[in-house]
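Beneath this line is the structure, given in structure tokens, with notes to follow.
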Amino acid sequence: MNYQQALAYAEECGQYGCVPGLENMRELLGRLGNPQEELAFVHIAGSNGKGSVMNFISTVLTEGGYKTGRYISPTIFEYRERFQINGKYISKAELGKFMEPVRDAAETMAAEGKNHPTAFEMETALAFLWFREKKCDIVVLETGMGGLLDATNVIPAPLLCVLTSISMEHMAFLGDTLEKIAEHKAGIIKQGSSVVTVKQRPEAMKVIEDACKSKEAPLSVLDPDKISAIKYGLEKQRFSYGNHKGLEITMAGIYQIENCALAVSALDRLGELGFPVKEEKLRLGLLHAKWQGRFEVIGKKPLFVADGAHNEDGAAKLAESIQFYFTNRRIIYIMGILKDKETEKMIRSTCPYAEAVITVAAPGNPRAVPAYELAGEVRRYHGNVTAADSLEEAVEMARLLAGKDDVILAFGSLSFLGDLIRIAENGAVRRDTHGR
């Protein structure tokens, strides 16, 4: 297969939807020689911060000299973004090469009357094949949704399980209480693994502690109150944690301090598990870590910020950053939300800070709340709301409304941020290579 054929096939497999469970994944990987059995993993689950924590950990490991695989979902800019080694995307030729055996195995399964693997299952299998072929020292793996029944959970016991902040999301699949959702996230914990988590809400914390006890998995808990000497900023932030004094990051958003401290805690544990990184390399890795679409400044005069806050907890953390960075500044929102999120709570926690709100829907995403429907929801909490027919129109409207000292803030689903960032930066959208 060539690259375009691989892309077309991945798009075609979108028809198989999202099917939680591991039986199909095990069958698919068995036919491919179980490449996951030959890899060492850090497995990350949670509701918010997964991508940022993964980025900090993998960038530091790369800086420390380890050949580090990353598997990311969802992507923002390009399909190949989900498959990375040492921060570099899989080549187009390799994507076609490794999609071919995955496709053949999937088609054989379907011909035998078994369920055809979903797109996410096939992508995960492709990632494992590529990481094995490239002889990665370690793979930092982000769950797609949940954990227990997520396709990535087919791996053997990872060296380390990392649990970021857990909140209400994907209720149709994961359950309607925080305990049920936490059970899915904690489902990545296996006998023989170590676990690092941020301090969670009590009901989620108990689920994690019980899972660690039953699996005899050592647990380390990051207490945010022990992060000290914090200096926030849009271009650089600084903090101390444990034995690490004066760490610096360039990723903005006040929530990134906690994400980075969790990553540092995970890296300290990985050092004990056979993957040590020298202090100077850790510092360089944290400083070099970039993560697009997470409170990212994409323009100035007016300041234009894109953030992936996509659920209630993420919106609450975004609100904290807004209050800190943009006090007494006029803010124009561009907002797009998916149907399975707690839309009302997201609106309620963010709308008090907006001068005006422009609603959008992610192009081609059936899960997106239509712009006019979302505008109706926002209107219950804010009087100045307009629905845009396209992302281009939303960006143009926001720039007309904003003065040079104002702020445009785009947030919500990651599925529209990549297109919006391209439009904001150069007015162009390359839809042929966009991640789903």
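Points to keep in mind about this one:
- When each of the peptides 396-404, 39-47 is scored by the mean number of other C-beta atoms lying within 10 Å of its residues, the order from highest to lowest reads 39-47, 396-404.
- Cross-link reach is defined here as a Cα-Cα straight distance under 18 Å, omitting same-chain residues fewer than 8 places apart; for Lys317 the aspartates and glutamates meeting it are Glu169, Asp223, Asp225, Glu258, Glu296, Asp307, Glu342, Glu344.
- Unsatisfied cross-links (Cα-Cα over 21 Å) in the set Lys185/Lys278; Lys134/Lys185; Lys245/Lys281; Lys134/Lys290: Lys185/Lys278; Lys134/Lys185; Lys134/Lys290
- Residue-wise HN-Hα coupling along segment 282-299, computed from phi with Karplus coefficients 6.51, -1.76, 1.60 (Hz; x: Gly, Pro): 4, 5, 5, x, 5, 5, 7, 5, 10, 8, 5, x, 10, 6, 9, 7, 10, x
- In order along segment 139-155, the Karplus-derived 3J(HN,Hα) couplings, from 6.51 cos²θ - 1.76 cosθ + 1.60 at θ = phi - 60°, round to 10, 9, 10, 9, 5, x, 8, x, x, 3, 10, 6, 4, 5, 7, 7, 5 Hz, and Gly and Pro are given as x.
- Of all beta bridges that DSSP places with both ends in the chain, some 30 percent have antiparallel geometry.
- Net charge over other residues, Cβ less than 13 angstrom from the Cβ of Ser265 (K, R count +1; D, E count -1): -1
- Positive minus negative residues near Cys212 (Lys, Arg vs Asp, Glu; Cβ under 15 Å): +3
- The convex hull defined by the C-alpha atoms of the chain has an orientation-averaged projected area of 19.6 nm².
- Distances between every pair of Cα atoms in segment 34-172, grouped in 5 Å steps from 0 to the bin holding the largest one, split as 2, 10, 20, 23, 21, 14, 7, 3, 1, 0 percent.
- Value of Rg/Rh across segment 132-245 [Cα atoms, Kirkwood radius]: 1.02
- Sequence ranges 222-231, 281-290, 2-11, 247-256, ranked by mean other-Cβ count within 10 angstrom, highest first: 247-256, 281-290, 2-11, 222-231
- The local environment of Ala45, defined by Cβ-Cβ distances under 10 Å, has a net charge of 0 under the rule Lys, Arg +1 and Asp, Glu -1.
- Computed over the chain: relative contact order in percent, which uses C-alpha pairs under 8 Å that are six or more apart: 17 percent
- Inter-centroid distance (Cα atoms) of segment 232-246 relative to segment 136-151, Å: 28 Å
- Mean residue ellipticity at 222 nm, helices only, the chain: -12500 deg cm²/dmol; runs of at least 4 DSSP H residues each add -39,500 (n - 2.57), and the sum is divided by the number of residues.
None of the figures in this text is laboratory data; all of them are computed from the coordinates on show. Note that the coordinates shown come from a computational prediction; the quantities given were computed from them, not determined experimentally. Quick reminder, even Gly has a Cβ in these numbers, built from the backbone with ideal geometry, and neighbours come from all protein chains shown.
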